[in-house]
Amino acid sequence: MKRIIDAVNSNSRAPVLTGSPTNSGLQAMFDQLMATDDQMRAISSLEGRRAFAKKTLLPLLHEVDQAMRVNGRANGEQEMLTDLRCDQHLRVFLVSGLGPDATGGCDWSPSECWNAYHASYDGDASEEEAA
């Protein structure tokens, strides 16, 4: 697999993977995010899950998102690729993970997911359009 990725990267202006080592601090943040998500899903009431998500999970998600963007740029990833990758991570986590089809989620519509996310860190509503 590594040879395939290396071959693609050597013939591309937009590498598939940068080949940089895993950032242990970022990995720890992902681990914390997943543990916090598990905590939220263990809450039996919808109101409790929503309150926990707003107070604890979504601010942590914002921190992880920012760290992912910094890490991608620090590793030489093209800015557009970093933003596309991080935006997609946010979409999947928010809409798939907290939306109406998520088991133990918050049963929020996509717009409610984004609004809760932005409100959790005092985000600018214009960022929703970019993501």
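The values are calculated or read from the model by the stated rules, or taken from the named source; none is laboratory data. Just so we're clear, the structure is a prediction, and the values are computed from it rather than from any experiment. FYI the Cβ positions are ideal-geometry reconstructions off the backbone, even for glycines, and counts take in every protein chain you see. We work out accessible area using only protein heavy atoms, side chains counted, and drop any ligands, DNA or RNA first. Shrake-Rupley method; radii C 1.70, N 1.55, O 1.52, S 1.80 Å.
In the stretch 22-131, if the dipole is taken from +1 on Lys/Arg beta carbons and -1 on Asp/Glu beta carbons about the Cα centre, which of GLY99, SER44, LEU60 is farthest to the positive end?
Result: SER44, furthest along the dipole toward the positive end.
Between ASP83 and PHE30, what is the FRET efficiency for a Förster distance of 22 Å, r being their Cβ-Cβ separation, to the nearest 0.05?
Working from the Cβ atoms, E equals 0.75.
For the stretch 14-121, what is the per residue volume of the convex hull drawn over the alpha-carbon atoms, in cubic angstrom?
99 Å³
Could you check how much of the accessible area of the stretch 25-103 is carbon and sulfur, as a whole percent, using a 1.4 Å probe?
Solvent-exposed carbon and sulfur of the stretch 25-103 make up 56 percent of the total.
Quickly work out the ASP122-to-GLN66 label distance, labels modelled 7 Å from Cα along the C-beta direction, and quote it in nm with one decimal.
A separation of 1.1 nm, rounded to one decimal place.
How much length would be gained if the chain were fully extended between ASP38 and ALA74, taking 0.36 nm per residue of separation minus their Cα-Cα distance, in nm to one decimal?
Contour length minus Cα-Cα distance gives 10.0 nm.
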